[in-house]
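Down below is the structure, laid out as structure tokens.
The values are calculated or read from the model by the stated rules, or taken from the named source; none is laboratory data. Since this is a predicted model, take the numbers as computed values, not measurements. Cβ atoms come from the backbone with ideal geometry, glycine included; neighbour counts cover every protein chain shown. In case anyone asks, the SASA skips ligands and DNA or RNA and just uses the protein heavy atoms, side chains included. Shrake-Rupley method; radii C 1.70, N 1.55, O 1.52, S 1.80 Å.
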Amino acid sequence: MVESGTLSSALEREHREIDEGIETFVAGLAEGREDTTPLKRAIEGLRRHIYLEEEFLFPPLREAGMMAPIFVMLREHGEIWQAMDRLDAEIGKGVAADPVRGLCAELLDRLEQHNSKEEPIIYPQADSVLTPEATDHLQRFLASGRIPEGWVCGRAKA
Ligand SMILES: [Fe+2]
Ligand SMILES: [Fe+2]
């Protein structure tokens with residue numbers, strides 16, 4: 001077991017780390033710094049976070065009957081994923097541009113909307129529904145797993 005604390009606390013920690021990465025970048029921009037490292041790390045972490053939720057967390061919860069809340073989470077993942085794609089494209093053009101600030105604000109807002117439902121509704125179920133094996137697998141992935149090359153969030157493809 002790699003477990004250190006509950007799944008919900010580990011997943012919530014990822015939410016905070018991702019938010020902090022985006023916020024650090026935005027605060028830097030305001031001070032004239034254009035270091036994209038914290039933003040790129042946050043985007044990379046968020047893509048992996050969405051992957052692990054969709055591959056390892058949501059399927060057992062859906063089987064346990066949480067169809068409607070998972071449906072909403074997947075739709076929002078698609079929107080968040082597309083917001084990250086737009087941000088990646090803008091960063092490629094240069095970070096001083098206003099669109100980058102606006103897209104960061106949009107992404108933070110979407111994450112707030114998403115996480116404020118996911119944390120109280122979905123994550124507590126994760127702690128009670130997942131088998132010890134599934135929990136252990138997810139804990140291991142959180143510790144050192146990598147998103148497969150080229151994986152794209154299903155709802156972002158449309
Ligand atoms: Fe999510
Ligand atoms: Fe999440």
Within segment 139-150, considering residues that are more than 16 Å from ligand 2 (Cβ to nearest atom), in contact (Cβ under 8 Å) with a residue 12 or more places away in the chain and not basic (K, R), the one least open to solvent (accessible area, probe 1.4 Å): P148
Residue satisfying all of: in segment 100-123; more than 14 Å from ligand 1 (Cβ to nearest atom) and not charged (D, E, K, R); nearest to M73 (Cα to Cα) among these: L108
Unique match (being over 23 Å from A68 (Cβ atoms) and within 15 Å of ligand 2 (Cβ to nearest atom)) among L87, L107, L111, L130: L107
Members of segment 26-43 that are within 23 Å of L142 (Cβ to Cβ) and either among the aliphatic types (A, V, I, L, M) or crowded, with 16+ Cβ neighbours inside 10 Å (or both): P38, L39, R41, A42, I43
Within segment 124-138, tally of residues that are open to solvent by 60 Å² or more (accessible area, probe 1.4 Å) and away from ligand 1 (no atom under 16 Å from the Cβ): 5
Yes/no for I121 being within 27 Å of E23 (Cα to Cα), open to solvent by less than 30 Å² (accessible area, probe 1.4 Å) and more than 13 Å from the chain's Cα centre (by Cα): no
Residue, farthest from A97 (Cα to Cα), within segment 1-23, restricted to residues that are crowded, with 17+ Cβ neighbours inside 10 Å and β-branched (V, I, T): I18
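Residues checked against (1) within 12 Å of ligand 2 (Cβ to nearest atom); (2) among the acidic types (D, E); (3) within 13 Å of the chain's Cα centre (by Cα):
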{"site": "E53", "(1), (2), (3)": "yes, yes, yes"}
{"site": "A64", "(1), (2), (3)": "no, no, no"}
{"site": "E79", "(1), (2), (3)": "no, yes, yes"}
{"site": "V95", "(1), (2), (3)": "no, no, no"}
Some residue of segment 58-74 being free of Cβ contacts under 8 Å to residues at least 12 places away in the same chain and aromatic (F, W, Y): yes
Residue identified as buried (at least 16 other Cβ atoms within 10 Å of the Cβ) and within 16 Å of ligand 1 (Cβ to nearest atom) among L87, L46: L46
